[in-house]
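Worksheet: the structure to be examined is printed underneath.
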Amino acid sequence: MKSRANIVLICATLLIVIGFFIFDQSSQPQTHEGADPKNPKFVAMGKTLYAKHCAACHGKNLEGQTPNWRQPMPDGTFPAPPHDASGHTWHHPDAMLFKVIKYSRTQSSDKSFKSTMPAFKKILSDEEIWSVLSYIKSTWPDAIQQRHDTLNQQYRPAQ
């Protein structure tokens, strides 16, 4: 009888510990990876952050710095491209866009490309970067969003 009571006590203790662990994990802030244009919270936060940190260069309506964004400026740097449907942003997977925002172009394999894009790793959290990308993607037509989703599914980052 005593061993049965011990087993019940051990099981109850385990259930309490497991329950505490589950509760503790659920109370932690949830992280988000990937642009989510259907998430109104992320889109709203991203719109605010875009206006504060990105619009000065990329345009308040995502139109880019200049219509000739593919042509280098006199100093050899390229203008900030548009992020709307007319631009090239949606041709790149989320993971690459995230890295460009977080680290600038410093981790790019194309060292000949000169950009004035700053690194935002000390300014924006990962969640904030994903929210900016969520906002940008939310402005694209459905057909472009679907093409971008397909691109994300096909992309496999190097380990």
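Amide H neighbours of residue 86 under 5 Å, at least 5 residues apart or on other chains, H built in the peptide plane: list them.
The list, which skips near neighbours in sequence, is empty: none.
Between residue 77 and residue 147, how many nm apart are label points set 7 Å from Cα along the C-beta direction?
2.9 nm
With contacts defined as alpha carbon pairs under 8 Å and 6 or more residues apart, what's the relative contact order of the stretch 34-141 in percent? Don't skip to the answer; put the middle values down first.
Details: 167 pairs, mean separation 44.0, N = 108.
Here the relative contact order equals 41 percent.
None of the figures in this text is laboratory data; all of them are computed from the coordinates on show. Predicted model only: the values in this text are computed from it and were never measured. Heads up, the Cβs are rebuilt from the backbone with ideal geometry, glycines too, and the neighbour counts pull from every protein chain shown.
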